[in-house]
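Engineer: Okay, here's the structure, questions in a sec.
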Amino acid sequence: MSDVEIDPAVIEAIRARLDVVVDRIRRAGGEPGPSGVRIVAVTKHHDASVAAAVVAAGLADLGESYARELADKAVAVAATDVATPRWHFIGQLQTNKVRVVAPHVHLFHSIDRSSLIAAVARRVPGAAVLIQVDLAEAPGRGGCAFGELDGLVAEAVDAGLDVRGLMGVAPLAPEVDVARSFGALRRAVDRLGLAECSMGMSQDLEVAVAEGSTMVRIGTALVGARA
């Protein structure tokens, strides 16, 4: 029996917020769903019970930023009666932590350097990945430069990884044109002939969808503020 208790009130609250997110996506010109804009619910720093409630509310994709938190939560949610979610690793991943998440991750969003490509290819042959591009030009936010992108994509393919697309995080600086940054990422996806463009979060999903996002990573707007 699972130790995770799922609160029906939390499920209903998430469903209500999901309706709002879906409406926001549609108003921005997108259509939520596997063939349109996929919603990845970001559950980092929330209990496993919240992650399970998200699945019970109807979402299949969960995103986490920390290796041990994802692994522990995946085990806990698997012990409940909800469907098995698809786990997305969306944070900066240390090479020595790949082994921790290897059994659980459906899609790695933040592949951004040669050493990480090698570590994932060794631990998870054929893994589905996105190459993260640095849209922020800020230390510590992760991502490769646009000038390094083609080489990293080729390197990942040569290593046997399934490169599905690109990922980017919007710049925080208020003077930066977010639409321009997202547009540049979408053009790179198209130029490389890739399928997925993971961009957009709670605060900027409309801009991301308008610029062609296929995957938005939504935390606060779905599950509320983190503890």
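The values are calculated or read from the model by the stated rules, or taken from the named source; none is laboratory data. Every value quoted in this text rests on a predicted model; they were computed, and no experiment measured them. Cβ placement follows ideal geometry from the backbone for every residue including glycine, while neighbour counts extend to all protein chains displayed.
Engineer: Looking at (1) under 16 Å from the mean Cα position of the chain (by Cα); (2) buried (at least 18 other Cβ atoms within 10 Å of the Cβ), can you tell me which one VAL207 breaks?
Structural biologist: Checking VAL207 against (1) under 16 Å from the mean Cα position of the chain (by Cα); (2) buried (at least 18 other Cβ atoms within 10 Å of the Cβ), the one that fails is (1).
Engineer: Do you know which residues across region 104-133 are within 25 Å of HIS45 (Cβ to Cβ) and without any contact (Cβ under 8 Å) to a residue 24 or more places away in the chain?
Structural biologist: PHE108, LEU116
Engineer: Scan region 23-48 for residues that are surrounded by fewer than 20 Cβ atoms within 10 Å (Cβ to Cβ), in contact (Cβ under 8 Å) with a residue 12 or more places away in the chain and in a helix (DSSP H, G or I) and jot them down.
Structural biologist: If the condition is that a residue be surrounded by fewer than 20 Cβ atoms within 10 Å (Cβ to Cβ), in contact (Cβ under 8 Å) with a residue 12 or more places away in the chain and in a helix (DSSP H, G or I), then ARG24, ARG27 are the ones that fit.
Engineer: Now for a separate question. Just to confirm my filter: which strands (runs of 3 or more DSSP E) fall fully inside region 82-173 and include at least 1 residues that are at pLDDT 95 or above, surrounded by 15 or more Cβ atoms within 10 Å (Cβ to Cβ) and among the basic types (Lys, Arg)? Give the derivation first.
Structural biologist: Details: elements: 86-89, 105-111, 128-133, 162-168.
In region 82-173, 86-89, 162-168 are the strands (runs of 3 or more DSSP E) which contain 1 or more residues that are at pLDDT 95 or above, surrounded by 15 or more Cβ atoms within 10 Å (Cβ to Cβ) and among the basic types (Lys, Arg).
Engineer: Every residue in region 57-73 that is buried (at least 21 other Cβ atoms within 10 Å of the Cβ) and assigned to a helix (DSSP H, G or I), please.
Structural biologist: Selection gives ALA67, LEU70, LYS73.
Engineer: Can ALA52 be described as at negative phi, crowded, with 19+ Cβ neighbours inside 10 Å and either of a type in the set (Lys, Arg) or not in a loop (DSSP other than H, G, I, E, B) (or both)?
Structural biologist: yes
Engineer: Considering only region 190-203, state which residues are surrounded by fewer than 18 Cβ atoms within 10 Å (Cβ to Cβ) and part of a loop (DSSP other than H, G, I, E, B). Even if it seems obvious, please write down each step before you answer.
Structural biologist: First pass over region 190-203, keeping only residues surrounded by fewer than 18 Cβ atoms within 10 Å (Cβ to Cβ): 190-195, 202-203.
Matches in region 190-203: GLY193, LEU194, ALA195, SER202, GLN203.
Engineer: I'm told LEU116 meets every condition in (1) more than 14 Å from LEU152 (Cα to Cα); (2) in contact with a Ser or Thr (Cβ under 8 Å, 6 or more places away or on another chain); (3) of a type in the set (A, V, I, L, M, F, W, C) except one. Can you identify the failing condition by its number?
Structural biologist: Only one criterion in (1) more than 14 Å from LEU152 (Cα to Cα); (2) in contact with a Ser or Thr (Cβ under 8 Å, 6 or more places away or on another chain); (3) of a type in the set (A, V, I, L, M, F, W, C) is unmet by LEU116, namely (1).
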